[in-house]
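The values are calculated or read from the model by the stated rules, or taken from the named source; none is laboratory data. Bear in mind that the values here come from a model prediction, so they are computed numbers and not experimental data. Glycine also receives a Cβ, built like all others from the backbone with ideal geometry; neighbour counts cover every protein chain displayed. For the accessible areas, the whole protein counts, side chains as well, though only heavy atoms, and no ligand, DNA or RNA atoms are used. Shrake-Rupley method; radii C 1.70, N 1.55, O 1.52, S 1.80 Å.
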Amino acid sequence: MRYIGSKRTVLPFIKTTIEETYGNISNAIVADLFAGTACVGEMFKREGARVLSNDYLSFSYALQIEKIKLNGIPESKRSYLDLISLLNAAPGKEGFFFREYSIEGSSHGEYTRNYFSKDNAMKIDGVRTQIELLRVNGEISEDMYFLLIANLIDAVTRVSNTSGTYGAFLKVDDPRKDLPLSLCASSFVDNGKKNECYCKDIFELIDDLKGDILYLDPPYNGRQYPPYYHILDTVTKYDNPAIYGKTGRRPYANQISPFCVSEKAEAALFDVVKRARFGNIYISYSTDGIIDYEEFSRKLKNLGTVRVFLMQHRRYKSNSAESEIQKKKLKEIIIHVEK
Ligand SMILES: C[S@@+](CC[C@H](N)C(=O)[O-])C[C@H]1O[C@@H](n2cnc3c(N)ncnc32)[C@H](O)[C@@H]1O
């Protein structure tokens with residue numbers, strides 16, 4: 001999926017930097033505590049590491065269960081493929097997504113919203129209700145529940161009338177909107193290890209974890225993540241939130257991240273590194289981030305040996321109407337702290 005700050009395209013840079021400084025990670029415990037799409041943790045898992053993963057967004061938790069925790073299809077009374085077929089055949093329903101995020105459902109209210117076609121919005125309601133029923137009736141385990149939600153999230157991202165985030169819907173329909181919503185079964189990376197996933201604010205978790213390598217990929221600008229991914233969080237929670245405004249966001253006042261606030265970001269990140277009980281810490285950042293990485297690197301020298309690695313790549317830019325990829329060159333960096 002398209003995600004602000006995704007490291008999908010720079011995985012080789014992260015892998016090489018860690019291999020050159022730490023060595024082989026196959027026997028290491030590696031944590032990725034700003035996991036987002038979980039693609040970095042999945043790369044660590046592929047290398048054989050035992051992975052601990054976290055992000056405070058609910059939808060990320062579902063993706064983490066799918067990509068990080070599960071080493072295969074979770075045990076279940078009903079077969080996974082049967083469940084996918086059952087969900088794909090679920091009848092549509094005039095529920096929350098229909099009422100709030102399709103033109104047909106929302107035009108009776110204060111705001112008309114165009115995130116999904118009528119059929120897909122109703123289908124999301126139908127599928128999500130069915131997943132809840134399976135859980136309430138004890139037919140699926142907790143892991144299967146989140147796996148099916150992850151499959152629904154993936155399906156939703158393929159039919160959304162947006163430029164990739166959910167900060168707004170498109171004024172002119174994207175052809176994606178007319179594709180039928182359809183869930184696909186996952187394939188799994190098996191590292192044979194007990195991987196762990198969390199959905200917490202990093203400050204509630206950092207003191208409790210211990211391991212060899214900590215990878216940190218905090219936000220690097222002032223854009224808070226929750227309003228950009230509110231719809232995916234609502235797919236996950238399906239909790240009838242009191243959404244507001246033209247774009248129908250969930251309230252997120254209790255999720256304001258200090259890493260997106262220029263006066264707070266540096267102290268917050270320093271605090272995480274200081275408290276971390278990991279010998280090797282790797283911080284992904286950008287040279288045009290709200291933290292001055294050179295000054296920050298100097299301060300980090302109070303905590304250990306510091307080295308900075310640089311590479312250039314292209315930035316995914318979501319908030320300009322048409323040009324999704326801005327070919328502006330940014331320097332992707334990794335700050336390595338060996339405590
Ligand atoms: C740059 S993105 C990570 C992208 C990820 N590495 C990927 O490739 O998909 C930063 C992530 O930090 C999460 N985040 C921001 N503040 C947080 C906090 N206080 N605690 C936990 N996660 C937080 C956001 O939800 C977002 O997913």
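One way to sum up the overall shape of the range 1-78 is the equivalent ellipsoid from its Cα gyration tensor, whose semi-axes run 22, 17, 10 Å, largest first. Whole-Hz Karplus values for the range 167-179 come out as x, 7, 9, 7, 6, 9, 4, 8, x, 3, 4, 8, 6 Hz, taken residue by residue from phi with 6.51 cos²θ - 1.76 cosθ + 1.60 and θ = phi - 60°; glycine and proline positions read x. Each peptide in 277-283, 241-247 was scored by the mean count of other Cβ atoms within 10 Å over its residues; highest first, the order is 277-283, 241-247.
Counted over the chain with a bin width of 10 Å, the fraction of Cα pairs per bin, in whole percents, is 5, 25, 32, 24, 11, 2, 0.
Ligands, DNA and RNA aside, Phe188 has an accessible area near 50 Å² when probed at 1.4 Å. If amide hydrogens are placed 1.01 Å from N in the peptide plane, which non-local residues have theirs closer than 5 Å to the one on Lys331? For Lys331, whose amide H was placed from the backbone, the distant partners under 5 Å are Thr287, Asp288. Each part reduced to its alpha carbon centroid, the range 48-62 and the range 190-260 end up 10 Å apart.
Please give the peptides 285-292, 126-133, 214-221 ranked by average Cβ packing (other Cβ atoms within 10 Å per residue), highest first, as a rough proxy for protection. If you can, show how the numbers build up before the last one.
Numbers: 285-292: 17.2, 126-133: 20.0, 214-221: 22.1.
Result, highest mean Cβ count within 10 Å first: 214-221, 126-133, 285-292.
Computed over the range 88-145, relative contact order equals 35 percent, with contacts defined as Cα pairs under 8 Å that lie 6+ residues apart.
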